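Just below is one structure, and these are the notes that go with it.
The values are calculated or read from the model by the stated rules, or taken from the named source; none is laboratory data. Given the structure is predicted, the values throughout are model-derived calculations rather than measurements. Note that we place each Cβ from the backbone using ideal geometry, even for glycine, and neighbour counts take in every protein chain shown.
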Amino acid sequence: MHSMRSTLFLTLFVLTPTFVLADQAASPPSLTTAPAEFRTLPREYRLDGIVEAVKRSTVSAQTQGQIQEILYDVDDFVEKGALLARIKDTEHRTRVSQAAADLKAATARLRQTQDEHDRSAGLYRQKNVSESAMDKARAELASARAELESATARLEAAQEQLAHTEIRAPYSGIVTQRHVELGEIASPGTPIMSGISLDELRVTVDVPQSVIPAVRGDTDASQRAWVYLPDGTRVASGRLTIFPFADPGSNTFKVRVELPPGEGASDRALFPGMYVKTSFVVGEKSELTVPKSAVVQRSEVTGVYVVGEDDHIHFRQIRLGRTLADAYVVLAGLSEGEPVALDPIAAGAQLKAQTPVRHVDGEDQTHD
């Protein structure tokens with residue numbers, strides 16, 4: 001009997017450290033947390049704005065002729081300098097040829113007149129030509145020079161008119177309207193196409209008069225207004241233009257918010273005519289925030305894993321406000337100072353591990 005007790009005591013003595021080590025190995029690692037905290041943030045007044053193009057223009061004909069070719073239509077994108085339409089140039093080419101021939105004749109006449117003038121000048125110095133003959137030679141030389149200048153001007157004008165038969169885009173953009181059809185006769189000033197540029201955009205907003213004093217604040221324009229883009233990001237305004245009069249019907253002031261270069265359609269999917277949210281900074285306020293990494297989406301529920309006393313974890317549904325660079329504003333569901341797990345995956349795994357298990361009809365069921 002004494003031998004059996006000794007053996008049992010020795011067995012328990014050997015196994016006890018093993019149980020302790022196993023219990024220590026099973027304890028979950030501690031989670032990295034951050035407290036929900038208040039931040040002093042700009043107080044924003046949000047309004048709907050309309051995106052519009054800074055460059056909007058209509059290209060018109062600068063010479064007369066029949067529309068021979070139209071290379072672009074409405075909604076087509078055109079590069080700067082691209083050929084939009086062509087006017088029939090047969091008559092213009094004829095005028096260029098005639099003007100070139102006149103210039104050639106004027107050049108030959110000037111050369112001949114110059115030679116005659118030089119001969120008369122030599123004879124005049126030798127007293128073999130009268131003063132009147134010399135005056136006549138000088139007059140003919142001046143007339144020949146004037147004729148050459150006139151012929152040169154006529155050729156340049158004819159060449160310019162020929163160049164105007166090709167109507168080109170003044171900048172890259174989108175064709176919004178076509179004003180002519182093939183075969184029509186265009187005259188100087190006849191509208192050909194209208195278009196807008198997508199490279200330079202701005203937002204027009206009607207701001208209530210009660211907000212205008214704050215919008216006119218002393219701070220930099222880039223710190224007073226923001227434009228929220230379709231992808232959820234926001235862009236600081238480049239410059240604000242506040243119209244110095246209010247609309248008598250709505251008592252609102254029109255404000256133009258310039259977008260910085262590079263925020264055009266190709267980069268941000270912004271197009272003229274779109275509605276976008278625009279916010280103006282009108283003060284400051286304190287708001288509760290949590291780090292972005294702590295927020296998780298579970299089905300249709302947005303929440304965080306709150307770590308309580310003794311590292312007890314529970315999932316908390318929250319309601320989010322606006323998005324900051326590194327955090328979310330929390331409108332409901334959390335209190336200041338509550339620690340939230342920065343690794344939701346690890347927190348979720350520990351939550352399952354700590355959930356009690358109960359037996360129903362001989363089967364184990366785990367409750368989250």
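For beta carbons closer than 7 Å, sequence separation of 6+ or different chains, a first residue in the stretch 194-217 that is farther than 30 Å from Gly173 by Cα and a second that is at pLDDT below 85, the qualifying pairs are Val211/Val282; Ala214/Val282; Ala214/Gly283; Val215/Arg224; Gly217/Arg224. Of the residues Ser130, Ser143, the single one that is out of contact with any strand residue (DSSP E or B) (no Cβ under 8 Å at 6 or more places or on another chain), modelled with pLDDT under 90, surrounded by fewer than 18 Cβ atoms within 10 Å (Cβ to Cβ) and hydroxyl-bearing (Ser, Thr, Tyr) is Ser130. Considering the stretch 294-310, and only residues there that are under 17 Å from Ser30 (Cα atoms) and surrounded by 11 or more Cβ atoms within 10 Å (Cβ to Cβ), the residue that is farthest from the chain's Cα centre (by Cα) turns out to be Val307. Among the residues of the stretch 296-314, those identified as closer than 13 Å to Leu342 by Cα and free of Cβ contacts under 8 Å to residues at least 40 places away in the same chain are Gly303, Val306. Would it be correct to say that Val227 is touching a Gly at 6+ places or on another chain (Cβ under 8 Å), at negative phi, in the same structural domain as Lys277 (by TED's automatic domain parsing) and not basic (Lys, Arg)? Yes. For the subset of the stretch 236-262 comprising residues that are without any contact (Cβ under 8 Å) to a residue 60 or more places away in the chain and aliphatic (A, V, I, L, M), which member is farthest from Ser210 (Cα to Cα)? Among those residues, the one meeting the criterion is Leu259.
Report yes if some residue within the stretch 72-82 is out of contact with any strand residue (DSSP E or B) (no Cβ under 8 Å at 6 or more places or on another chain), at pLDDT 90 or above and more than 30 Å from Leu331 (Cβ to Cβ); otherwise report no. Looking for residues that are out of contact with any strand residue (DSSP E or B) (no Cβ under 8 Å at 6 or more places or on another chain), at pLDDT 90 or above and more than 30 Å from Leu331 (Cβ to Cβ), one finds at least one in the stretch 72-82, hence yes. Evaluation of Ala163 against the conditions (1) under 30 Å from Asp75 (Cβ atoms); (2) touching a residue at least 24 places away in the same chain (Cβ under 8 Å) shows that the sole unmet condition is (2).
Which one of the conditions (1) in contact with a Ser or Thr (Cβ under 8 Å, 6 or more places away or on another chain); (2) surrounded by 11 or more Cβ atoms within 10 Å (Cβ to Cβ); (3) at pLDDT 80 or above; (4) not basic (Lys, Arg) does Gly189 fail to meet, given that it meets all the rest? The single condition Gly189 does not satisfy is (2).
Scanning the stretch 61-107 for residues that are β-branched (Val, Ile, Thr), assigned to a loop (DSSP other than H, G, I, E, B) and surrounded by 15 or more Cβ atoms within 10 Å (Cβ to Cβ) yields one hit, Thr63.
Scanning the stretch 162-219 for residues that are small (Gly, Ala, Ser) and under 28 Å from Pro42 (Cα atoms) yields Ser210, Ala214, Gly217.
Among the residues of the stretch 269-283, those that are under 15 Å from Glu200 (Cα atoms) and at pLDDT 80 or above comprise Phe271, Pro272, Gly273, Met274.
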